[in-house]
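Here, each number is a calculation from the coordinates, and none is a lab measurement. Everything numeric here is computed off the predicted structure, so don't read it as measured data. Here the Cβ positions follow ideal geometry from the backbone for every residue, glycine too, while neighbour counts run over all protein chains shown.
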Amino acid sequence: MKKLRIYLALAVVILWSAVLIPKFIARMPLFKRRIVCPQIQAQAPKKAVVVPDKDELITEAFAMLKVRQDEQALAVYQKILELDPEDSDALWGKAEIYRRKRQFSDAEAVLNEILKNDPCHASGLVTLSYLRYYDNRLDEALDLINRALAVPGLDDENKALAYMMLGTVNSRRSSQGWLFSKFKYGTQIKSYFLTAQNLAPGLPEVHLGLGTFYLKAPAIAGGNLDKAIDELQTAIKIAPSFATANARLAQAYKKKGDLDKYNLFLQKAKDLDPGNEVIAEDKQE
């Protein structure tokens, strides 16, 4: 009987270790898990698809995405996909444009296709993390971000976007939690956004993230209205058609008391994207 109790206790401990510990580890911020990028098995090798000047086309399309020329970028991605329907980078560009249009189910379907064949596609992981964040599935968003950060040879732009998402996720956790959560998560937000900006200062998203932090955070936590305006102006200088950056800059000028500039940038945001979430947020303030 004594031996039976010992065996039962050991079984409980093993079960606890197998089930709970991995869940705890998966939720640890920036836990560097080893990511294995498996090749697809049990399939005949696919014939390589030759797309003339594909690298140049991918670079051209990404440059368009960066400045929010989404329709022009989509035309280039479609050109690639007509010749190679499984090109991961072109599929990601298509998914990112769907995300920006808030066609989230279409975006997720494409991202799932990419990650099924290429589990280490960093851009796909980051974009999917945004969808999880949008649905308030923050643990899943964090897991995807950490997977992206653990991808071998991760480039600075994807790394910057991953850190920006870390700041964004922590910002929501801080705003939704009690005092302990505000301290635990709130103290990390600024450093994530600064890291993103230092890694890829040419990306408008990182200036939007840092500018939004300066705009929304209390002064005691690092909020600064003038710095917010500087960062948001930089985002718009890089990408004049970035609706969210225009809407945030409008909020900043409203807070500063400059109603002429508030109305100017709010109208720009409405012209670019009438359904933008920040415009709706501004109406509620």
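What Kirkwood hydrodynamic radius, in Å, does region 114-265 give when the mean of 1/r is taken over all pairs of distinct Cα atoms and then inverted?
Over region 114-265, the inverse of the mean reciprocal pair distance is 15.9 Å.
Once you place label points 7 Å from the Cα toward the Cβ at Q69 and N117, how far apart are they in nm?
Taking the simple label geometry, Q69 and N117 are separated by 2.7 nm.
Quick check: pseudo-label points 7 Å beyond the Cα along Cα→Cβ at K255 and F104, how many nm apart are they?
Label at K255, label at F104, 2.5 nm between them.
So for the pair L81, D230, with labels modelled 7 Å out along Cα→Cβ, what separation do we get in nm?
Once both label points are built, they end up 4.1 nm from each other.
State, to one decimal in nm², a quarter of the convex hull surface area for the C-alpha atoms of region 221-285, i.e. the direction-averaged projected area.
The Cα convex hull of region 221-285, projected and averaged over all directions, gives 4.3 nm².
For region 133-285, calculate the relative contact order in percent as a whole number, restricting contacts to Cα pairs under 8 Å that are 6 or more residues apart.
Relative contact order for region 133-285 comes out at 14 percent.
With +1 on each Lys and Arg Cβ and -1 on each Asp and Glu Cβ, and nothing else charged, work out how big the dipole of region 113-254 is about its Cα centre, in Debye to the nearest 20.
560
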